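The structure under discussion appears below in the form of structure tokens.
The values are calculated or read from the model by the stated rules, or taken from the named source; none is laboratory data. Not measured: the values here are computed from a predicted model. Backbone-built Cβ (ideal geometry, glycine too); neighbour counts: all protein chains shown. SASA here: full protein model, heavy atoms, side chains in, ligands and nucleic acids out. Shrake-Rupley method; radii C 1.70, N 1.55, O 1.52, S 1.80 Å.
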Amino acid sequence: MTAVGIDAIEIWTGNLKLDLPGTFAPEKGEDPEKYTKGLGLNASSFPDSYEDIVTMGANAAHRLMERKGLEPDDIGRIDVATESAFDNSKPVSTYVAGCLEQVFEGDFHHANKGERKFACIAGTQSLDDAYNWIRAGRNRGRSALVIATDTALYARGDAGEATQGAGAVAMLISEDPSLVELSAEQGYGSADETDFLKPNQQFPSVDGKRSVQVYLARMREALEDYESVAGDVHSEDFAYAPFHTPFPGMVRKAALLAYRHVIRDTSLEEDLADEIGRQPRPEAFDTDDDYRDALREYMDLLKETEAYQEWYAETIDPTLSISREVGNWYTGSVHVARVSALKHALENGRDMTDEALLVGSYGSGAQAEIHSEVVQDGWEAEIEALNVDDQLEDRYDMSWDDYEEVHDVHNHDMDVDVEEFTTPESEFVFDGWGRMGERKYRYVE
């Protein structure tokens, strides 16, 4: 069976930066370590006044297509995953295709286009759709373009304000991919939840504590479901485990839960038994409360063991490097984590060919998905081609007053005209409104 997976990937980060310990924390009168150590964030990326989800997605896709020498006829499907859409009928993918048609010969008139929404997991669902489309033989030799693009904006003063971010990830899904092959096996954990939602509103309503609980519960269910079809997962099976990363602090919680699960009934658990005891089993307790108390105590001890800390440093921490500098990208977050892991491997001379990744995606509302990916022998060239470090370095560092202006610009309920902070170059920009209230775009050389 021919391999199907991600052939190429590109990242486009918003052109502005908010320094959390240096600018945000002092304005809030808070300890900078609340953000750097607590949330695990150093900075957030923001779109300039001429940027939005369309420009970021189109810019990432444009760079990918140019680098791979592709034309519109090579693309049979364009799916955009976002939870920042501004139209309840016209999909963002049509806007992106219109942008790309300004710079490429030919058009995408024979490409299937759509928009996926399920909070942050929609990017992975779009990968699944593209995978299934190719597997079904409907692609006619063409590839799919999957774009995850979001502006994660919170209301001013909201607890989630520090986790904001904006950017896009474009992925080319093809047969015989150069980057990673996607597994046929998947596991799901899904339930009707109200942990995070936007009922006809731009800014989310969030139950923060509940959101963490739901994230962990659905991830556990998805891992168990994945094991039911792929076999038991062990800690040594995967080189890295990229998780959905709303902020790195949440991944720390998910990673500990995952590690406890994958060492259960293994020699690793037995090796740790002399140090912290064996994991509590529910059948050994008279009440659920007693079991949960014992489990929390075990987890606290497990977190401090050298075995766990070494595994976390090798398998999880490398997936967080970009997220620490850009904040939450909603649908793109787990795909940023994948790039971070492979970038870390490249920079440290680690050969990843034929190594496996365990990818954990999540979307509020709520659903988690676990699947595996096998790194292909063209991965080094694909990761080496990325310019994400340059993008991060080139961002404009906003003052607090700048941040307040930019936040207002991207607030759909406000009509604010702010001069751009950066000068667009070789990118798509927002160019005003059309006669029916549609957004217009142009390419700036």
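Give me the percent of accessible area attributable to carbon and sulfur for the chain, probe 1.4 angstrom.
Numbers: 7780 of 18910 Å².
Percent of accessible area from carbon and sulfur atoms in the chain: 41.
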When DSSP beta bridges are limited to those with both residues in the chain, what percentage is antiparallel, rounded to the nearest 5? 75 percent
If you find the alpha carbon centre of region 1-50 and of region 302-358, how far apart are they in angstrom? 15 Å
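Sorted by packing (mean other beta-carbon atoms within 10 Å per residue), highest first, where do 59-66, 428-435 land?
On the way: 59-66: 22.9, 428-435: 14.4.
Per-residue Cβ counts within 10 Å, averaged per peptide and sorted highest first, yield 59-66, 428-435.
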Most mobile of LYS17, LYS28, LYS253 per a Gaussian network model of the chain (Cα springs, under 10 Å)? LYS28
At the level of C-alpha centres, the distance separating region 373-445 and region 155-187, in angstrom, is 17 Å
Hey, how many Å between the Cα centroid of region 260-289 and the Cα centroid of region 53-72? 49 Å
Tell me, what HN-Hα J-couplings in whole Hz come from the Karplus equation 6.51 cos²θ - 1.76 cosθ + 1.60 at θ = phi - 60° for each residue of region 338-346, using x for Gly and Pro? 4, 4, 4, 5, 5, 5, 4, 4, 4
In region 368-445, if the dipole is taken from +1 on Lys/Arg beta carbons and -1 on Asp/Glu beta carbons about the Cα centre, which of PHE421, TYR396, VAL409 is farthest to the positive end? VAL409
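May I ask you to give the solvent-accessible area per residue for the chain, in square angstrom, as obtained with a 1.4 angstrom probe? Kindly include the intermediate steps, with their values, before the conclusion.
Details: 18910 Å² over 445 residues.
Accessible area per residue, the chain: 42 Å².
How would you classify region 101-169 from its alpha-carbon gyration tensor, with a ≥ b ≥ c the square roots of the eigenvalues: rounded for a/c under 1.5, else prolate if a/b is greater than b/c, otherwise oblate?
On the way: a/c = 3.93, a/b = 1.91, b/c = 2.06.
Oblate is the answer for region 101-169, as a/c is 1.5 or above yet b/c matches or exceeds a/b.
Suppose we take every Cα in the chain and form the convex hull; what volume per residue is that in Å³? Walk me through the numbers before you get to the answer.
Working: hull volume 66.4 nm³, N = 445.
For the chain, the hull spanned by Cα atoms encloses 149 Å³ per residue.
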Which ³J(HN,Hα) values, rounded to whole Hz and listed in residue order, are derived for region 270-283 from phi using the Karplus coefficients 6.51, -1.76 and 1.60 in 6.51 cos²θ - 1.76 cosθ + 1.60 with θ = phi - 60°, glycine and proline given as x? 5, 4, 7, 4, 5, 8, 10, x, 7, 5, x, 10, x, 5
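At 222 nm, what value in deg cm²/dmol follows for the chain if DSSP H runs of at least 4 each add -39500 (n - 2.57) and the sum is divided by all its residues, to the nearest 500? Don't skip to the answer; put the middle values down first.
On the way: 14 runs with 160 residues, N = 445.
That comes out to -11000 deg cm²/dmol.
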With a 1.4 Å probe and all protein chains kept in place, how much accessible area does GLU380 have, in Å² rounded to the nearest 10? 90 Å²
